[in-house]
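Worksheet for the structure shown next.
The values are calculated or read from the model by the stated rules, or taken from the named source; none is laboratory data. Given the structure is predicted, the values throughout are model-derived calculations rather than measurements. A quick note on method: Cβ atoms are made from the backbone with ideal geometry, for glycine too, and the neighbour counts reach across all protein chains shown.
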Amino acid sequence: MSDSTNLHNPVLESGVIGACLTSPDALSETIGAGVQSADFHTPAHRLIWDAITALNDAGGAVDMPLVFNRLVREGTADAAGGPDAILGHAQESVVTPDRIGEYVLELRTLSVQRKLLEFGADAQKAGSDTLDVAGEISRLTDELAALQAAADIQGHDITIGAAIGQVLDWAEEVETSGGALLGPSFTLPDLDKLTRGLRRTEITLIAARPAMGKCLPASTRVLDPATGSVRSIGDIVAAGGGMVASLDRTVGRIVASPVVGVADNGRRAVYRVTTASGRTVRATANHRVLTDRGFIEVGDLRVGADHLEVPLRLPMPQDPARMKSEEVRLLGYMLGDGSFSTVKTSPGFTAGLDEVLADVIACAEALGARTRVKRAWTEDNRSTEITFAAGRLPSRDDVCERAGVTIGVSKRHRRGEGTRGDAGQRIERAIAELRWSTDRRGPVQVLLDDHGLWPCHTHDKHIPDAIMRLPADQLTEFLGCLWATDGWIAYSQNTTRMDGIGAIDIGFASSSERLSRDVAHLLLRLGIAARIDYKPNGHAGAWQVAIHDADQALRFCDLITVPGKQDAVDRVRAIATARDGGRTGLLMYPATMWERIDTARKATGMSWPDLFRRAGLRTDKQGRDRTRRLTPSRLRAFAEVLDDDSLHRLLDGDTGFDPIVSVEPDGTEATYDIQVDPHHNFIADDLIVHNSLVAGQLALEAARGGYKTAFVSLEMSQLDLGKRFMSAEARMPTDKMEQGTMDDREWQMISKAAARLDVLPMMIIDDAMTFGEIAARIERAERELDGLDLIIVDYLQLVELGERVESRQQEVSTVSRRLKLLAKKKNCAVLALSQLSRKVEERQDRRPILSDLRECLTGDTKVWRADTGARVPIRDLVDGGPVKVWSVDDRGRLIRSVMTEVWSTGVKPVTEIQLASGRRVRATDNHPFLSFGGWAKTGDLVVGDLLAAVGTSTDPERPNDPDSSAAGVQNVPLGGDTGTTGYRRGAGVADTAASELFWDEIVAISPAGEEETFDAAVPGPNAFIANDIVSHNSGALEQDAAAVVFLYRDEVYNPDSPDVGIVEFGLAKNRHGPIGVVSASFIPQHSMFKPLERRLAPPDAGGAL
């Protein structure tokens, strides 16, 4: 009998441990395969494996230092071989995540063989020694069952004949089934014919640009609720995100929400939508805005019938920034009656009220300005004009007075003769304190200049960003001073009104449209809704901000103090208090609200006369009232009688309704869109617009087909997904459901759809963000559904690892690989949605292609091998199998890694980067290199940037120094003093002493034509040395996916496209068959698409793929 100790391979065991110490993917697959410490023959390896699994079970990271520390705490570090042994496992291992399965299989096979020998020896001993034969047979039977379970190892090697036999069985089964799909359908027959559906154990990737097609011009202004700043959509897109204000429709409140995606949608035709209150927004015809009928596309709006739902109040800044009170007030006065255009040599101000004039002079003098009267007040000209003098150098008398010294002392100090005590210091401090007067512009001009208002023509006046950031108390102070100049507070003695009370007229006028809209916006932050009107007057028309509603006027009078006009404020307050609330404009509710009232009324069984009577209103016998708009008081009376939450939300929420008066073409302009979570809308130009479910329909169709489906949504909530699914199943717009205006027939449709959806085998997961959380929820879903056929992840870029990574590219690549392992482990299909970068939109043909998922280098790029020390062209490694290469770790140290694969990515435009040391490299614009600020793509680098580089040694055993003879090479280890305090990469800071790389300055960047390019995979560090420069390897998305589908809508980029309403599904990669393009019709109101007439294009048709 063979000795069981001969059935082991210490090199193999060390390789598995080393891979698990350096690769989370390898660790995940090894633990998932059921490897236990008993599977290792060497005692030291068992101790190390126990430490690894203990750390993993605790949910923490697993690496060499942590494993060694745990062994030290347990007192087994020496028995495990010490730190050198653990380090050796990691450095000498050539096992990669892609090949770990082979090593684990061999490891477990040897373990089972040893256990089988031990079982045989135990059975032989029992047969010769025991008297309790029945008992021993029972015990041995249990042990044999356990051994059989352990021997059930997936991935057994088979002969080629056996493999061919499996293929023939599979082909026969497919033919018998009539060519049936091998997994869930794409719901498009032509696409299913190409792919045979979504296959088990494989990833299918659907990729597209975010928010395709629903666009706003770059100039559209959006509120940042964190700071109070108002930024343009173009600025948000350039910054890649930020915070915006959006409407939480479940509670009716305006809240802060993050931007999770941005999109440049090219030049498109836009339309201007104008409301009765004067608010405007410009958008493409297919951009949706919120109306009393729900979200409606601009092209479907009904002028005179539809009402936009608009904010009545906006949030104050979460992090406001205060200013000096004198600066706030002076800016308010100057924006009203100040003059500071290019024709003026110095700023001026015209005042008609003594109180205002005195405050302006006091504010200016507090800032150090000198004023002079240019034109005094007279009976004929009832105003006073003053100017603010330019600055002057401080006189000797000014300095002496401020320092408290004599002129003689100041002269001695100037001659350098010395002074007693601290007199010299006091003189210098006085000069510094008077430094404002050394600026010839003068303090008032400096103030205006600092806030972007100097010089500024009257028509170009606007409220500066600093005012937008003010807290509430200073904002009311600013508006009060502004109203004291070009504003008015008035009332009429008109007693012909039904209530016998005069009319209210609070307003502000300016020839600047932007200033007027800025003022109306700031009023909304105080909860005051105003109208904006243009009043033509020959060539000198004016934009007016007007408040006529009693409730709004009362709020204005309570919050804002207007210098010189408080008597008028008090009189208007008295009139507003006597009125019974707002009856016009934004505080009226559209006639469509009667539908909501009717739905709530039917639920209670009340008749219309009974409802009117209980509400204390005159009975509407002929139904005429039900065609008219409602006042807030009337709607509240109905809401209280019906006890309806949706009506109360309308009344107590942050929004009102504004009739649409026009929708007009407004030219062609560069357009953008942003994605906002979780409410999928944002406030644009003080109106509520929607942001821009292929995955949802695929999930629904799979569940309808009986496939057990787990839908992981990182973008939409369970409620929002449920509404989309209900809309698609019932063929009813989501907006109809959200309005609460469905009739009996529609409710029956919804009820039947709900019954059908209720029995579908689908689990929705919306509260998992990290891959670990997702995996745990997938396990739960598998138990709940008693199996799993399909996992959908929407979308990939939102999945977090929950652990430290060097770059976002590495994080997405690692998530992709782990999803691939999950697909194999669960024997199910995985469908992952992915966003493409905006690089797609820089090409003339904006259809996505596979290279949009890849990062590439030219074929002559030299890769530094760690086994031979040679630098070989990357093209020579294609199909050559795994090789050891030099890479870098997260501490800036050179380490040996394995390059598992190299492949051609086709001919592409490339850019050449030249460094000060003479190094050169050519790469595509999306290929990242390690710069001083972290990983940076070629297209984002500029001359003067520093890249991490290594030297020219060919010794594979020793890192080396760079050639420092060239100017611009910074012989400072990464993290050294090159102008910053540390070497930053991702979230980490490298160990400056341990770093073995050096900075090399970019001296030239230039286009280098088109050339065949290549890419490589280096699992773990995701980096390698290319032409002695630290280069990132490819994102693994395209390599991990068995099929890649790109979505494209031509109408997004081409307004005159004949393919309006059509989406292309471009199958760019298909591991099991041909590729092609399939077109479908998109139905936005039902959140679904459907097959178009058969339209299958060959791979080379139309240049699409």
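What to note about this one:
- Qualifying residue in the range 542-556 (condition: among the aliphatic types (A, V, I, L, M), part of a helix (DSSP H, G or I) and modelled with pLDDT of 90 or more): yes
- Filtered by the rule that a residue be under 17 Å from Ile683 (Cβ atoms), of a type in the set (D, E, K, R) and part of a strand (DSSP E or B), the range 646-668 gives a lone residue, Asp658.
- Residues in the range 71-81 that are outside any loop (DSSP other than H, G, I, E, B) and either modelled with pLDDT under 85 or among the polar types (S, T, N, Q) (or both) were compared, and the one that is surrounded by the fewest Cβ atoms within 10 Å (Cβ to Cβ) is Arg73.
- Residues that are surrounded by 13 or more Cβ atoms within 10 Å (Cβ to Cβ), at pLDDT below 75, of a type in the set (A, V, I, L, M, F, W, C) and within 27 Å of Glu433 (Cα to Cα) within the range 370-403 comprise Ala389, Ala390, listed in sequence order.
- Lone unmet requirement of (1) in contact with a helix residue (DSSP H, G or I) (Cβ under 6 Å, 6 or more places away or on another chain); (2) surrounded by fewer than 23 Cβ atoms within 10 Å (Cβ to Cβ) for Asp39: (2)
- Filter pass, Leu475 being at pLDDT 95 or above, in a helix (DSSP H, G or I) and surrounded by 14 or more Cβ atoms within 10 Å (Cβ to Cβ): yes
- Which listed residue is modelled with pLDDT of 80 or more and in contact with a helix residue (DSSP H, G or I) (Cβ under 8 Å, 6 or more places away or on another chain), from Met762, Met742: Met762
- Residues located in the range 588-610, provided they are of a type in the set (Lys, Arg) and surrounded by fewer than 20 Cβ atoms within 10 Å (Cβ to Cβ): Arg601, Lys602
- Filtered by the rule that a residue be surrounded by 15 or more Cβ atoms within 10 Å (Cβ to Cβ), out of contact with any Pro (no Cβ under 9 Å at 6 or more places or on another chain) and at pLDDT 90 or above, the range 351-365 gives Leu357, Val360, Ile361, Cys363.
- Taken over the range 766-786, the criterion of being among the charged types (D, E, K, R) and either surrounded by 17 or more Cβ atoms within 10 Å (Cβ to Cβ) or assigned to a loop (DSSP other than H, G, I, E, B) (or both) is satisfied by Asp766, Asp767, Arg777, Glu782, Asp786.
- Residue list for the range 890-915, filter: part of a loop (DSSP other than H, G, I, E, B) and surrounded by fewer than 20 Cβ atoms within 10 Å (Cβ to Cβ): Asp890, Arg891, Arg893, Thr900
- Qualifying residue in the range 857-869 (condition: more than 33 Å from the chain's Cα centre (by Cα), more than 22 Å from Pro1021 (Cβ to Cβ) and modelled with pLDDT of 75 or more): yes
- Any hit, the range 692-711, residues being assigned to a loop (DSSP other than H, G, I, E, B), surrounded by fewer than 19 Cβ atoms within 10 Å (Cβ to Cβ) and either at pLDDT 75 or above or basic (Lys, Arg) (or both): yes
- Subset of the range 1071-1095 [modelled with pLDDT of 70 or more and either hydrophobic (A, V, I, L, M, F, W, C) or crowded, with 20+ Cβ neighbours inside 10 Å (or both)]: Ile1075, Gly1076, Val1077, Val1078, Ser1079, Ala1080
- Breaking point among (1) more than 26 Å from the chain's Cα centre (by Cα); (2) within 17 Å of Thr220 (Cα to Cα); (3) of a type in the set (A, V, I, L, M), for Met323: (2)
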